[in-house]
Amino acid sequence: YGDSTVSSRYDRTADTTFTICGDWNLTLNPKLSFKLMPSFSKNLTRFLWVDSRSVDTALYQDRYTAQTFRASLITNYQSSAGIRVNGGIDFKQDDFQASSYGYQDTTWQAKAQRLGVFGEGNIIIGKFIILVPSLRWDWNSDFGNFLSPSFGFLFPLSSQVKIRTHFGRAFRAPTFNDLYWPKSGNPDIRPEHGDAFQLGIDWNQNGNVAFSLTGFARKTKDLISWIPDTAGNWRPTNIDEAEIFGMTTNGRIKSFKRFYFGYTLNLSKANQTRKEMVYSDWFTGETRFETIERRAAYLPEFSATQEIGYQSDFPSYLSLEFQETGNRINYYFTYDSLPKVYMTIKTLPFNFIVNFRVRQRLFTNAELICRVENLLNQNYAEQFGNSLLDLDYPRPKRTILLEVRFNNF
């Protein structure tokens, strides 16, 4: 049931994805413009698997169909006094169908709609102060309404340097799995919500040299986790909290010799507070939980990206991208001391990936794009597996992608 990279040699997944996107711009006058962005995507997944916990080697089959329709209308208004206002409407509908055959024949259907209305303004208060308020209202067919206010200030010290600060509230809706998974979903869970504060400085010299540094702090509540209930069934519940402090910096340099260099660096310290099972007596049915604070799962404390590019006369653009990701940890329940239960830590180590890209203009409105991801053919685990002994999910080996893009046809 396994080899050097995966848990099961017999698991197979085939995905087929169809996506169409539109982008339509309308400028009525120098002060007022509109943008309409509709999109439709459909993904078909066929998953074949063998139950590794059973001596039965029968091949089971699951089929998943997910489709999303989304449309956004955005307007921009710029007054003569320098006040800028953006606003719009965002609509999204998700449809999902699943069927499982061979193990426990079942079907599953779910549908949800989301409507969002948002607005943001830049209001000049003085020579060196600009107020940036914003407000977003979201309605979801599953959990109702949510309001996300935010505000910030810009301090343009000169034409090249500005300081900015921002405070806001946001939310994340429960997924289809959280709400509707057969016999386990919880339609009563609430959205995750959090507050964020950031302070940053930007320096831009004629668009050729730019630098940005931002410090941030975020606190998120009602994080959704799957834990066993009193009957021993794993269900999603709002129990977690997370705090993240960190900084991010990025910059770019465009030289006169058509070379380009850009970088992004992220450093953060994240802690999670969650209710964890510490005692489980399978004979009496007694289960105990404790609230424990520790380093947040999944999040690296360090990540960075660098890009080196060259623009030729053809015209074509070539670039090398370097990606580094620090180690990540995850926690798994361990039951070898029952009825006591504790967490065991698994670590995914630091990884380094190189990507290559070529963008070649074919005609006035068309270009060919070739991307080679994982150029050095690195082999490492990209995502944690389902258990402590699971050998995790490997990153794909060297992958070549070709794309033809047409604009304004």
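The values are calculated or read from the model by the stated rules, or taken from the named source; none is laboratory data. Values in this document were obtained by computation on a predicted structure and should not be read as measured data. Don't worry about glycine lacking a Cβ; one is built from the backbone with ideal geometry, like all the others, and counts go over all protein chains shown. For accessibility, only protein heavy atoms count, side chains too; no ligands or nucleic acids. Shrake-Rupley method; radii C 1.70, N 1.55, O 1.52, S 1.80 Å.
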Would you check if there is a residue in segment 173-181 being of a type in the set (Asp, Glu) and either assigned to a loop (DSSP other than H, G, I, E, B) or exposed (fewer than 15 other Cβ atoms within 10 Å of the Cβ) (or both)?
-> no
Quick one: which residue in Glu276, Glu243, Glu307 is touching a residue at least 60 places away in the same chain (Cβ under 8 Å), under 30 Å from Phe216 (Cβ atoms) and buried (at least 16 other Cβ atoms within 10 Å of the Cβ)?
-> Glu276
Does any residue of segment 383-395 turn out to be in contact with a Gly (Cβ under 7 Å, 6 or more places away or on another chain), assigned to a strand (DSSP E or B) and open to solvent by 80 Å² or more (accessible area, probe 1.4 Å)?
-> yes
Identify the single condition in (1) in a strand (DSSP E or B); (2) of a type outside the set (Val, Ile, Thr); (3) farther than 30 Å from Phe96 by Cα that Ser159 does not satisfy, given that it satisfies every other one.
-> (1)
Taking Asp178 as meeting all but one of (1) under 30 Å from Val50 (Cβ atoms); (2) over 24 Å from the mean Cα position of the chain (by Cα), write down the number of the exception.
-> (2)
Which residues, counting only those in segment 310-341, are surrounded by fewer than 17 Cβ atoms within 10 Å (Cβ to Cβ) and either free of Cβ contacts under 8 Å to residues at least 12 places away in the same chain or of a type in the set (D, E, K, R) (or both)?
-> Asp313, Glu324, Asp336, Ser337, Lys340
Filter segment 342-371 down to residues that are surrounded by fewer than 15 Cβ atoms within 10 Å (Cβ to Cβ) and either acidic (Asp, Glu) or in contact with a Pro (Cβ under 7 Å, 6 or more places away or on another chain) (or both), then give me how many there are.
-> 1
Go through (1) open to solvent by less than 70 Å² (accessible area, probe 1.4 Å); (2) within 19 Å of Ala110 (Cα to Cα) one by one and return the number of the condition Arg190 breaks.
-> (1)
